[in-house]
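Q: Structure provided below as structure tokens; questions to follow.
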Amino acid sequence: MSTRRNSDQSIDAHTGLARVLADVTAEREAQHAAHCVQHRLADGTGAEWRDFAEHMRTECERAAAEGRMTWRHILLEEVA
């Protein structure tokens with residue numbers, strides 16, 4: 001499958017996907033080299049983080065309602 005641009009050049013639809021997958025693979029290899037086996041680590045979540053997660057969700061909703069949403073709000077809500 002390919003798409004056409006304004007010119008007559010054809011662009012392979014999978015070229016971008018291959019590049020992204022190569023980037024993900026490189027990142028995973030770098031993480032493994034830096035931290036070794038990661039599946040044995042505790043996930044760092046639990047009931048003690050529930051209040052923080054709720055606070056971040058509320059702050060994100062408030063920022064959106066007030067028109068001051070930033071990527072920081074989204075990041076902190078998603079991580080929490």
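Q: Is there any pair linking a residue in segment 67-80 that is under 16 Å from Trp49 (Cβ atoms) to one that is surrounded by 12 or more Cβ atoms within 10 Å (Cβ to Cβ), with Cβ under 6 Å and at least six apart or on different chains, and which?
A: Leu76/Met56; Glu77/Met56; Glu77/Arg57; Glu77/Cys60; Ala80/Phe52; Ala80/Ala53; Ala80/Met56
Q: Please specify each residue of segment 43-68 satisfying the condition of being closer than 16 Å to Val79 by Cβ and aliphatic (A, V, I, L, M).
A: The answer is Ala53, Met56, Ala63.
Just so you know, all these numbers are worked out from the coordinates, no wet-lab data involved. Predicted model only: the values in this text are computed from it and were never measured. Cβ sites come from the backbone with ideal geometry, for glycine too, and all protein chains shown count toward neighbours.
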